[in-house]
Structures are given as C-alpha cells and as structure tokens.
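So the structure is just underneath, and the comments pick up after that.
Every number in this text was worked out from the coordinates using simple rules, so none of it is lab data. Computed from a predicted structure; not experimentally measured. Glycine also receives a Cβ, built like all others from the backbone with ideal geometry; neighbour counts cover every protein chain displayed.
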Amino acid sequence: IADVHDQIDHELVSKTQIEEKINSVAAQVSKDYKDTDLLLVAVLKGAMNTLVAFSQALSINVQMDFMSLSSYGDGLSSSGTIKVRQDLACDVKGRDILIVEDIVDSGHTLDWLIRELKNRGAASVEVFALLEKPSRREVDVPLKYRGYEVPDEFVVGFGLDYKERFRNLDSIAVLKPEVYQGEAV
Ligand code: PRP
Ligand code: MN
Ligand code: MG
C-alpha cells in the first residue's frame, strides 16, 4: 500500500476551499435554524469529515445522528439500490432535520433518505451536500445548501472513498487512472 499522495493525479478542491465553503454554509444554517431544535443526520461513511467540520462551525446547538448507507458498494458507480448498513439511533418523528452528505451523484441515496425520513414523520427535511456531480444526476434532489460542483471523474478524499481507501485525505482529489484500473491500491 503506497503513500496516499503518490496515488493522486490532481487535486480538485483544496483543504482551504473545503473549509471556506463549510464555514459559509454553517453561518447560513446557524441563521436559518436559530430558533429550531435541529437534528443533523450524517450519511456514513462518506459524510463523516463534512459532519465534523460543519458541526464545529455552527454557532447553534444541534443534535447529531448517523445512518450508514451504501449505494456504491465496491463498484465505480452507484447501483441505485440503497442498503442500510446501520440505522439511526433516534426517533425522527416531529424533528427538523438537516441531512449532511458528502456528494450527490445519481441522487438515489438522498432521494431514498429524504423519503424515508418523511415516512418516519420528520417535520422538515433539508440537505447540505458538500459536492455534486450534476452530469450524473438520475433523480432530482432538492439541495438547500450546496458546496462545489465536480466533473464526472472519480473523486476521493475528505470522506469519499475508493474501495474504502482515501477517506482520510484532507482535500478532494482525482486518483491516478492506474489506481482504479489495476491493483495499485
Ligand atoms: C457515496 C456517497 C454518497 C452516495 C452518492 O456513498 O458518499 O452517499 O454514494 O451517490 P448517489 O447520489 O449516486 O446515490 P457510498 O455508497 O459509496 O457509501 P460510503 O459513503 O460509505 O462510501
Ligand atoms: Mn455515502
Ligand atoms: Mg463510497
């Protein structure tokens, strides 16, 4: 297993750009939900880095819960079938929820989760997604808070993985083609 940085082709979004965007969204959310008992629902595993940075940048007091969902598996594209690896710990009935997600690709994961939370009786469900790949959208998902648009390349870092690796990279980057063409991981 080689050094992470040797496997990166180029950086798409820097650590500083990520911080700036997350801080500005957090400032807006702190205003919008000033008088609300907000519940953040992070979609594991990809959203873990965004959740930490985002929640720490909020000036309002929030609750947090986690749902671990898988649509990619080990593949290079979303399967469209959502697997619940681990469910929320709390009851969302009557709660105002902000879903925190790392990326919207086909849109199936968020489309499923928004419906699911509403079915469970959530009072409101909105979304913050740090990244989106508009060219790959199959279902329309309403994003109240958005970060950066990325091209249709396989992006990793800041929570995003390729075969469970590269989540610990502190920026968003594109892998060298040989990494996902062969065994170089
Ligand atoms: C990735 C990503 C989003 C989802 C986006 O998760 O973190 O949750 O796919 O794709 P979609 O819009 O096409 O549904 P993944 O299934 O890889 O699980 P992970 O977060 O544990 O990596
Ligand atoms: Mn995910
Ligand atoms: Mg993944």
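The angle between the Cα long axis of helix 108-119 and the longest principal axis of the Cα atoms of the chain comes to about 20 degrees, rounded to the nearest 10. Annotation: the antiparallel percentage among DSSP beta bridges lying fully within the chain is about 30. Based on Cα contacts under 8 Å between residues 6+ apart, the chain shows a relative contact order of 26 percent. Shown for the stretch 16-151: lysine pairs separated by 8 or more places, or found on different chains, whose C-alpha atoms are under 27 Å apart, numbering 25. For the stretch 50-185, with the dipole built from +1 on Lys and Arg beta-carbon atoms and -1 on Asp and Glu ones, taken about the Cα centre, which of 156, 127, 179 lies farthest toward the positive end? Value computed over the given set: 127.
Annotation note: trypsin sites (Lys or Arg not before Pro) in the stretch 1-68 located in DSSP loop regions with a Cβ neighbour count of at most 16 within 10 Å are 34. Histogrammed with a bin width of 5 Å, the alpha carbon distances of the chain distribute as 1, 8, 17, 21, 20, 16, 9, 4, 2, 1, 0 percent, first bin at zero.
Between 0 and 90 degrees, the angle of helix 48-57 with respect to the longest Cα principal axis of the chain falls at about 50 degrees. Ordering of 83-94, 130-141, 158-169 by packing is 158-169, 130-141, 83-94, highest average first (other Cβ atoms within 10 Å, averaged per residue).
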